Amino acid sequence: MNAITSASDERLVRVPLGERAYDILIGPGLIVRAGKEIAARLMGRRAAIITDENVAPLYLDALFASLHEAGIQPSKLVLPAGEKTKSFEHLMAVCDAVLTARVERNDAVIALGGGVIGDLAGFAAGIVRRGVRFVQVPTSLLSQVDSSVGGKTGINTHHGKNLVGVFHQPDLVLADTDVLNTLSEREFRAGYAEVAKYGLIDKPDFFAWLEANWKEVFSGGAARIEAIAASCQAKSDVVVADERENGPRALLNLGHTFGHALEAATAYDSRRLVHGEGVSIGMVLAHEFSSRLNLASPDDAKRVEAHLKMVGLPTRMGDIPGELPPVEVLMDAIAQDKKVKSGKLTFILTRGIGQSFVADDVPTSEVLSFLREKHPQ
Ligand SMILES: NC(=O)c1ccc[n+]([C@@H]2O[C@H](COP(=O)([O-])OP(=O)(O)OC[C@H]3O[C@@H](n4cnc5c(N)ncnc54)[C@H](O)[C@@H]3O)[C@@H](O)[C@H]2O)c1
Ligand SMILES: [Zn+2]
C-alpha cells in the first residue's frame, strides 16, 4: 500500500451539470471513508454494492464496514470479472439484486470495480424504478480517469460494444488511489492510454507533461493523483459542454473506432486485448490515418507511438497475439460502431498533438485501403 494518507493529497473535481452536478473525490483512503462521504450527500439508507470477483476479496469488506458505520445498510452482488459480464444476463442479475435489496429511489447502487462493473451497475441504476441513486467507486485506472465520470452506462451485444444503455449520471465518484496498487501492470497501462488520450485530444501541454513524468505516474504518489485529477477535469469539461454527445463529446472517442473494431475482432478476449490496449493501437492508427489524409505530420504519429510504446502499450495491430480477421471484417465492425451517421463514417482525426477534431464524412474506401496497409497478415 502506498504510504500517502494525508487529506492534503486529496483532489476534488466538481462536474457542474445543474441538478445532476456531482463531486469526484480523488486520493488515498477514500474507501474507508466512503460511508461518511455517501451519507453526507445521499438521503437513502440502503445501498446495493455491485462488484467483481477480483475486487471483492480486496475491498468489499472495507466498503461494507464503512457503510455500516455510517448507518447505511449494504447488500452485495459479486459477478465474474471481465468484459463478457457487460451482458443482458448479468444486467438482469444486477436488477434483481437491487430490487431484492429493496433499494428505492433515494437509495444507491454502488459500483465497486473497473469500467465493466461501472457500466453495468450504472445501467441497472438508470433503469430500476426508472432511476435510483448511483455511486461510482472506480478501482481501475481506466475507470478512475474515464468510465466513472460522465454518465454513460451500458452493455455489449453480439452486434458490438456498448450498443444498449442509458445516460445516468452518478451522484458521487470516489476514486481511491490506494487501490491502484493491486491493479496489474497491464491493466494500469491500459488505463494510462485513456490518460494520454486527454492530452492528444486538446491538451498538448498535458501530453508533454506525461512524456516527462510518466514514470512517476506509474510509481504512484503526487504525480499519479495529479494525472488522475487532470483527466477527470478534462472529461468533466467535455461532458459539461455536451452531456449527450451531440457534438464535441465525440472527441473522447479518439482511437476508439479502430479500438472497438479490434476488441470485437478479438471477441473481447482479455487475454488478447483489453479496452485500453485497443485504444492505444487505435490512437496510433488515428494519427497515422490523419497523416495519410495529409491533415497531420507523420512525425506526430511517430511521437504518439514512441510514448505509448515506452510505457509498454501495444501500438500496432501486429502486437495483438493470435490472428486477426481480414480487413473486411474489421471494416464491418467499424461500420457497426455507434459513431456512424447515415452511412457516413465519423472518425476522430487530428491536425497534430492535441488538435483532434470530429470528421463525419470519412470515405469508407480510404479507411479500407489504410487498413489493408496496416493489417499484419
Ligand atoms: N462509460 C464510459 O464512459 C466508458 C469509458 C471508457 C471505458 N468504458 C468501458 O470500461 C470497460 C473497461 O474498464 P476497465 O479497464 O476498468 O475493465 P475491468 O472492469 O474489466 O477491470 C479490469 C480488470 O482489473 C480488475 N481490477 C479492477 N480494479 C482492480 C484493483 N484495484 N485491483 C486488482 N484488480 C482490479 C478487474 O477485476 C478486471 O479483471 C470497457 O467495458 C469499456 O467499454 C466505459
Ligand atoms: Zn475508452
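Since every read-out is calculated from the coordinates, none of them should be taken as a lab result. What you see is a predicted model, and the numbers here were worked out from it, not measured in a lab. Quick reminder, even Gly has a Cβ in these numbers, built from the backbone with ideal geometry, and neighbours come from all protein chains shown.
Within the range 4-182, DSSP assigns beta bridges of which about 25% are antiparallel (rounded to the nearest 5). Cα centroids of the range 263-290 and the range 74-96: 25 Å apart.
Give the distance, in whole Å, between the Cα centre of the range 178-202 and the Cα centre of the range 137-151. Cα centroid to Cα centroid, the span is 10 Å.
Packing order of peptides 359-366, 55-62, highest average first: 55-62, 359-366 (average count of other Cβ atoms within 10 Å over each peptide's residues). What is the extension gain from A306 to N246, computed as 0.36 nm multiplied by their sequence separation minus the C-alpha to C-alpha distance, in nm to one decimal? Between A306 and N246, full extension yields an extra 18.3 nm.
Mean Kyte-Doolittle of at least -0.5 plus a Cα span of 24 Å or more along the axis: flag which DSSP H helices in the chain meet both, please. Don't skip to the answer; put the middle values down first.
On the way: long enough: 185-202 (27 Å, -0.53); 222-241 (28 Å, 0.81); 275-292 (25 Å, 0.09).
Going by DSSP H runs, the hits are 222-241, 275-292.
State the percent of C-alpha pairs, over all pairs in the chain, separated by a distance greater than 32 angstrom. Each step should come with its number before you reach the end.
Numbers: 20312 of 70876 pairs.
So the portion of pairs separated by more than 32 Å is 29 percent.
Quick check: net charge around H68, other residues with Cβ under 14 Å of its Cβ, Lys/Arg +1 and Asp/Glu -1? Every neighbour counted, the sum reads +3. Here the gap between L368 and D269, fully extended at 0.36 nm per residue and compared with their Cα-Cα distance, gives a gain of 33.2 nm. Hydrodynamic radius of the range 4-182 by the Kirkwood approach over all distinct alpha-carbon pairs: 15.7 Å.
Among 136-147, 89-100, sorting by the average number of other beta carbon atoms lying within 10 angstrom of each residue, highest first, gives 136-147, 89-100.
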